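Colleague: Pasting a structure here, questions to come.
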Amino acid sequence: MERKTDIRISFDATNFSQIFIHTSGAYLSRPISQNNNKYLANYRNVPTEEEFEMLIEEINNTSSKSKKQKLIDYLKSIFEIDQTINATSLTFNDDIEKLKGYIVFEPTSAIENYDLSLLDFISYDFDVFNDYLLFFINFFDYFIDRLDNKDIKHIEIDTLYPVQEIIEIAKKYYKKEKNTLIYYQSIFKKCIHFVYCIDNPFDLSDLTLRQRFFLYNQLYQDTFKEFSHDFHTTDLLEYQYNNFPLKKEQIQLEDVYTVINAIKNIDPTGKHLTNLHQFVTNNLFTSFYITLFNILAINKSHIKLCNNCKRYFLTLKDNVAYCDRIITNNQTCKDIGNKEYQKRKQENDDAYRKYRTIGTRKKTRASRNPEIDIYQKDLEQFRKIGKQMYKDVCNGKISNEEFAKWVDEQDK
């Protein structure tokens, strides 16, 4: 492989999406011959379900027999490819050392909304070898300049390699790179914890996210100096859709109504056209910094630690405590969290009933004695603390016993 890293990022705040183009590996479970790469050349052309339906509609509507036959032949080839190869991205749920298939490295264009690569990076536990393997495969850009000449020449784009072969190469660099990766993680974690108030001792509720970031850079100067300027930009002076189902190079003049229908289907209001500002870098951590810088502009966003898997996630709701990652049996952390929430709520019913009874008593006392300020203040404090503690016990932040103990202490 050529020692060339070309990472591109385009962020669209209107649709809250980021196009992240970089080199990563995909996993194929089928035992395909290493020389059987002809499928890979066409793999990226397999349409989405929505595009597939549009092709079927076009076949039904076209009056040209030759064009109809070409479309049918194309669909047949897609069907054959789809049955032969199924490449997927590896996730936290995969035990890589137990996989028996193949890894193929290729340029990847990912459209990210809430599943930001930055958050995956800071969620890895590099003391766990499997997490390091995930990083090695999913963010191969980092290793392009670090592999020795033998290994970098061995790995080629669009070529299938047995998983165990990639694991052996990755092992060679684990001890050398582990502490460096943990160091770069700490840079982003420290800033994110500060800005998004994760265990932050300072009250920053009156500041916007960008103001908090500005404050952070005043307190911890030069934190991002190493890679905050390691990029250049390109303005794409044309309007485009991030998810347009038809490829520009395949559109002909006679397709005008097909294109019109596609536009009307994906954007009936005309509000989703974008003019992308693209950042280009050869530094993976610069790309993460660009991501962080961009999402800080969205003041209603929140980065949180999942109460179940303990990994970072992005949400637009401040009261969300669980992420949408699939953990087991197609269940997400949010699914598991909701079940645990209901279970804890039921287990805590007795303490909650007592909490309500004490609250009613305090309210009655305050109402009957309006001239005594201490009763009113006691009621307000009881409600404020109690409401938050009950929320915390339901979300698993504190135990049922802690809440019950606090309630008992209020019974006076």
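Colleague: Round to a whole angstrom and tell me the spacing of the C-alpha centers of the stretch 119-175 and the stretch 247-294.
Modeller: With the stretch 119-175 and the stretch 247-294 each reduced to a Cα centre, they are spaced 30 Å.
Colleague: Treating the beta-carbon of each Lys and Arg as +1 and of each Asp and Glu as -1, no other charges, what is the dipole magnitude of the chain about its Cα centre, to the nearest 20 debye? Could the numbers behind the result be given before it?
Modeller: Values: 57 positive and 60 negative charges, 292 e Å.
In debye, rounded to 20, the chain gives about 1400.
Colleague: Reachable aspartates and glutamates from Lys172, Cα under 14 Å, same-chain residues fewer than 8 places away excluded?
Modeller: Lys172 reaches Asp148, Asp151.
Colleague: Loop by DSSP (not H, G, I, E, B), at most 12 other beta-carbon atoms within 10 Å: where is the longest site-free stretch of the chain for GluC sites (Glu not before Pro)?
Modeller: Result for the longest clean stretch: 3-237.
Colleague: If one puts a single equal scatterer on every Cα of the stretch 348-410 and applies the Debye formula without solvent, what log₁₀ I(q)/I(0) results at q = 0.18, 0.27 Å⁻¹?
Modeller: For the stretch 348-410 at q = 0.18, 0.27 Å⁻¹, log10 I(q)/I(0) is -0.62, -1.10.
Colleague: Show me the trypsin sites (Lys or Arg not before Pro) within the stretch 125-163 that DSSP assigns to loop and that have at most 13 other Cβ atoms within 10 Å of their Cβ.
Modeller: Arg146
Colleague: At q = 0.09, 0.16, 0.19 Å⁻¹, work out log10 I(q)/I(0) for the stretch 119-262 with the Debye formula, treating every Cα as an identical point scatterer and leaving solvent out; two decimals please.
Modeller: Listed by q, the Debye log ratios stand at -0.54, -1.00, -1.12.
Colleague: Let me ask another. Any chance you could run the full-extension gain for Leu316 through Asp125? It's 0.36 nm times the residue separation minus the Cα-Cα distance, nm to one decimal. Numbers along the way, then the final one.
Modeller: Numbers: separation 191, 0.36 × 191 = 68.76 nm, distance 2.54 nm.
Extending this stretch completely gives an extra 66.2 nm.
Colleague: Under the Karplus relation 6.51 cos²θ - 1.76 cosθ + 1.60, θ = phi - 60°, what is the ordered set of whole-Hz ³J(HN,Hα) values for the stretch 159-171, x standing for Gly and Pro?
Modeller: My calculation for the stretch 159-171 gives 10, 7, 10, x, 3, 4, 5, 5, 4, 5, 5, 4, 4 Hz in order.
Colleague: Something else now. Quick one: His229, His154, fewest Cβ neighbours within 10 Å first, how do they rank?
Modeller: His229, His154
Colleague: Still on this structure: Starting from the stretch 210-274, pick out the trypsin sites (Lys or Arg not before Pro) whose DSSP state is loop and whose Cβ has at most 10 other Cβ atoms within 10 Å.
Modeller: For trypsin sites (Lys or Arg not before Pro) across the stretch 210-274 that sit outside H, G, I, E and B with at most 10 neighbouring Cβ atoms in 10 Å, the list reads Lys225, Lys247, Lys271.
Colleague: Near the amide H of Thr23, under 5 Å away, which other amide H atoms are found, from residues 5 or more places off or on another chain, if H is placed in the peptide plane?
Modeller: Placed amide hydrogens put Thr108, Asp141 under 5 Å from Thr23.
Colleague: Give Lys363/Lys387; Lys354/Lys391; Lys310/Lys334; Lys98/Lys310 a once-over and call out the pairs whose C-alpha atoms are over 18 Å from each other. Walk me through the numbers before you get to the answer.
Modeller: Values: Lys363/Lys387 15 Å; Lys354/Lys391 16 Å; Lys310/Lys334 12 Å; Lys98/Lys310 23 Å.
Pairs exceeding 18 Å: Lys98/Lys310.
Colleague: Looking at the chain as a GNM with Cα springs under 10 Å, which of Phe244, Phe121, Phe288 has the largest mean-square fluctuation?
Modeller: Comparing Phe244, Phe121, Phe288 in a Gaussian network model of the chain, the most mobile one is Phe244.
Colleague: Between Gln331 and Gln381, with labels modelled 7 Å along Cα→Cβ, what's the label distance in nm to one decimal, could you check?
Modeller: 4.1 nm
Colleague: Take the chain, drop everything but the C-alpha atoms, weight them equally and run the Debye formula without solvent; then report log10 I(q)/I(0) at 0.06 Å⁻¹ to two decimals.
Modeller: The Debye formula, applied to the Cα set alone, gives -0.36.
Colleague: Using amide H atoms built in the peptide plane, which far-off residues or other-chain residues are under 5 Å from Ala297 H to H?
Modeller: Here the answer is none, since no amide H 5 or more places off falls under 5 Å of that of Ala297.
Colleague: Now for a different question. Could you tell me, in Å, what Rg and Dmax come out for the Cα atoms of the stretch 257-319?
Modeller: Taking only Cα atoms of the stretch 257-319, I get Rg and Dmax of 17.5, 50 Å.
Colleague: Another question, if that's okay. Here are some pairs, Lys304/Lys339; Lys189/Lys317; Lys4/Lys247; Lys189/Lys225; which of them have Cα atoms lying more than 23 Å apart in this structure?
Modeller: Table pairs above 23 Å Cα-Cα are Lys4/Lys247.
Colleague: For the stretch 282-412, would you read off the P(r) tail past 27 Å as a percentage of all alpha carbon pairs?
Modeller: Within the stretch 282-412, distances greater than 27 Å cover 43 percent of Cα pairs.
Quick note: the coordinates plus some simple rules give every number you see, no bench work behind them. If you're wondering where the values come from, they're calculated on a predicted model, not measured in any experiment. Neighbour counts run over all protein chains shown; Cβ positions are idealised from the backbone, glycine included.
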